1. Which residue, of S79, S100, S44, is away from ligand 2 (no atom under 13 Å from the Cβ), among the polar types (S, T, N, Q) and more than 26 Å from A277 (Cβ to Cβ)?
2. So is D263 over 30 Å from E171 (Cβ atoms), surrounded by fewer than 16 Cβ atoms within 10 Å (Cβ to Cβ), acidic (D, E) and more than 18 Å from the chain's Cα centre (by Cα) or not?
3. Please go through the stretch 76-124 and give me each residue that is part of a loop (DSSP other than H, G, I, E, B) and touching a residue at least 40 places away in the same chain (Cβ under 8 Å), ordered by number.
4. Any residue that is in a strand (DSSP E or B) and closer than 16 Å to S255 by Cα - is there at least one of those in the stretch 326-342?
5. Got at least one residue in the stretch 295-312 being more than 16 Å from ligand 2 (Cβ to nearest atom), among the small types (G, A, S) and farther than 26 Å from M234 by Cβ?
6. Looking at Q289, Q264, Q275 in this structure, which one is out of contact with any helix residue (DSSP H, G or I) (no Cβ under 8 Å at 6 or more places or on another chain), polar (S, T, N, Q) and under 23 Å from N116 (Cβ atoms)?
7. Specify which of the listed residues (I58, I127) is within 13 Å of ligand 1 (Cβ to nearest atom), open to solvent by less than 10 Å² (accessible area, probe 1.4 Å), in contact (Cβ under 8 Å) with a residue 40 or more places away in the chain and more than 20 Å from the chain's Cα centre (by Cα).
Amino acid sequence: MKTKQGYHIAVVGASGAVGQQIIQTLEDRNFPVASLKLLASARSAGNKVLYNGSEITIEEAKPESFEGVQLALFSAGGSISKQLAPEAVKRGAIVVDNTSAYRMDPNTPLVVPEVNEEDLHQHNGIIANPNCSTIQMVVALEPVRKKYGLNKVIVSTYQAVSGAGASAINELKNQTRAIIDNDDFSPEVLPVSSEQKHYQIAFNAIPQIDKFQENGYTFEEMKMINETKKIMHMDTLEVSATCVRLPIETGHSESVYIEIDQDQVEATEIKELLQSAPGIVLQDDPTNQVYPMPADSVGKRDVFVGRIRKDLDRSHGFHMWVVSDNLLKGAAWNSVQIAESLVKLDLLK
Ligand code: NAP
Ligand code: 3JN
């Protein structure tokens, strides 16, 4: 039931890097909110957060927290989603989950509104928000697939530390200060806090995001590969990924090589296509040194695309550079955009 003022909403992981951006995006988008419950662990219960000028106290997330909630936006990690998302659904909420917990579940739609908004009709209570690196890439790929067909994608990522949470942002800042001041420091968070070895991120590049799988790829790389095929409904698409962490606070960049199904297409045609594609801002003017950069993407909801050029050896191959704010289009904005789509499609009761 939609009340006069809007919907009863819960944000789980409200004190985190993504949760904070979800709260800000709900406010920025003027999303119809009747009530907003902010949930996290016992550690931050009692802390206050500003929403639309009012202070809201964070509460500890429990199954009963979801009584009366119509929409629950989760970003507190996969195990919390596994534990509490079904409790929210049981109590009548629709869950938009930012973790990998349900992304590859065949009964859960994995949605990027510019690409597969119609999959929302298939939801069974939970809708999965893809990984940030996948989201910005498929926004750029979908218009190309629709017009020219697509058969191969090879992506290398240049990912910001905010993708690994608030503690990774602090680690980058503290290490940078320590190195400049010639002080000692001890890496504790990156590449993966629960792993045995940790490496310097300041003034460095770490070719590991998430844990290694048996096939030699990291989980982040496998997320990009599997999620891309699911969102684009292309089981046979060839996708490979190498994911790298850089000392950037926010904004993921990607060098993407694609092969399309036609070989008479020019780079200018791909540029024209992407110029008017939803969610994309084309920044591609090499003569004037115009191209996307992560620092310029911070705080923006778009996906920025540039450096579009034809491969020198393959007439059906193209290269492009894709940049977006990983906490916005990569997480918070895509989740709120899914919520807006649910309202538009009359799926949020
Ligand atoms: P973060 O800054 O470390 O924040 C983690 C949040 O989870 C905090 O609010 C924390 O609350 C909460 N939390 C931890 N344990 C909890 C528990 N037992 N019960 C309830 N809440 C709990 O991490 P983040 O960067 O915001 O990311 C959070 C999650 O979002 C990630 O684990 C990931 O699954 C997902 N994520 C998705 C994307 C994407 O690509 N779409 C990108 C980044 C993150 P306290 O402050 O109380 O500890
Ligand atoms: O590292 C990044 O840039 C993105 C990280 C996302 C992330 C971090 C911890 C756990 C995820 C995710 O959304 O894939 C998860 C997870 O839920 O598996």
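1. Numbers: S79 fails: away from ligand 2 (no atom under 13 Å from the Cβ); S100 fails: away from ligand 2 (no atom under 13 Å from the Cβ).
Selected residue: S44, the only one of S79, S100, S44 that is away from ligand 2 (no atom under 13 Å from the Cβ), among the polar types (S, T, N, Q) and more than 26 Å from A277 (Cβ to Cβ).
2. Numbers: over 30 Å from E171 (Cβ atoms): yes; surrounded by fewer than 16 Cβ atoms within 10 Å (Cβ to Cβ): yes; acidic (D, E): yes; more than 18 Å from the chain's Cα centre (by Cα): yes.
In short, yes.
3. Listed by number, the residues that qualify are A76, G77, A93, N98, S100, R103, M104, V111, V112, H123.
4. Looking for residues that are in a strand (DSSP E or B) and closer than 16 Å to S255 by Cα, one finds none in the stretch 326-342, hence no.
5. So the first thing to find is which residues in the stretch 295-312 are more than 16 Å from ligand 2 (Cβ to nearest atom), and the list is 295-296, 299-302, 304-312.
Still in the running and among the small types (G, A, S): 295, 299, 306.
Narrowing further to those that are farther than 26 Å from M234 by Cβ: 295, 299.
Yes: one or more hits.
6. Q275
7. Going through I58, I127 in turn, just one is within 13 Å of ligand 1 (Cβ to nearest atom), open to solvent by less than 10 Å² (accessible area, probe 1.4 Å), in contact (Cβ under 8 Å) with a residue 40 or more places away in the chain and more than 20 Å from the chain's Cα centre (by Cα): I58.
For every residue, the table says whether it meets (1) of a type in the set (D, E, K, R); (2) buried (at least 18 other Cβ atoms within 10 Å of the Cβ).
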{"residue": "I209", "(1), (2)": "no, yes"}
{"residue": "Q213", "(1), (2)": "no, no"}
{"residue": "T218", "(1), (2)": "no, yes"}
{"residue": "M224", "(1), (2)": "no, yes"}
{"residue": "D235", "(1), (2)": "yes, no"}
{"residue": "E238", "(1), (2)": "yes, no"}
{"residue": "C243", "(1), (2)": "no, yes"}
{"residue": "L246", "(1), (2)": "no, yes"}
{"residue": "E254", "(1), (2)": "yes, yes"}
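The values are calculated or read from the model by the stated rules, or taken from the named source; none is laboratory data. Just so it is clear, the structure is predicted and the values come from calculations on it, not from any experiment. So basically every Cβ, Gly included, is an ideal-geometry build from the backbone, and we count neighbours across all protein chains shown. Ligands, DNA and RNA are excluded from the accessible area calculation, which covers all protein heavy atoms including side chains. Shrake-Rupley method; radii C 1.70, N 1.55, O 1.52, S 1.80 Å.
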